[in-house]
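Take a look at the structure set out below.
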Amino acid sequence: MTIQQITYVVKVAETKSINSAAAELYISQPALSGAIRNLERELHTKIFVRSNTGIKTTPEGDEFLAYARIICSVLCDIKERFYN
């Protein structure tokens, strides 16, 4: 699991669309889908249920997102503190 994958999951959950998240992250949709799929394989769980109308989080995905958002918040704090 990488920080980048965690960031990707949070963005997809925010936008409720892999295509929209990919556009906001400036990466291709296949690259984003692959990164999330690899993370799900690594964790042995589904984070999202995909459909033609968008994505929804699974119960395990909701739990993962709670931790992922904390990690992203701490990363933002670190960037604000040390990159300025």
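The values are calculated or read from the model by the stated rules, or taken from the named source; none is laboratory data. These figures come from a predicted structure and were not determined experimentally. So basically every Cβ, Gly included, is an ideal-geometry build from the backbone, and we count neighbours across all protein chains shown. The area values use the complete protein model at the heavy-atom level, side chains included, leaving out ligands, DNA and RNA. Shrake-Rupley method; radii C 1.70, N 1.55, O 1.52, S 1.80 Å.
General observations
- Taking only the alpha carbons of the chain, we obtain Rg and Dmax values of 12.9, 42 Å in that order.
- Average accessible area per residue (Å²) across the chain - probe 1.4 Å, nucleic acids and ligands excluded: 67
- Among the chymotrypsin sites (Phe, Trp or Tyr not before Pro) in the chain, those placed in a DSSP loop whose Cβ has at most 15 other Cβ atoms within 10 Å are TYR26, TYR83.
- Within the same chain, lysines fewer than 8 places from LYS79 are excluded, and of the rest, those with a Cα less than 27 Å from its Cα are LYS11, LYS16.
- Linear extension gain, ILE27 paired with LEU43, 0.36 nm per residue minus alpha-carbon span: 3.5 nm
- Computed over protein heavy atoms with a 1.4 Å probe, the carbon and sulfur contribution to the accessible area of the chain reaches 55%.
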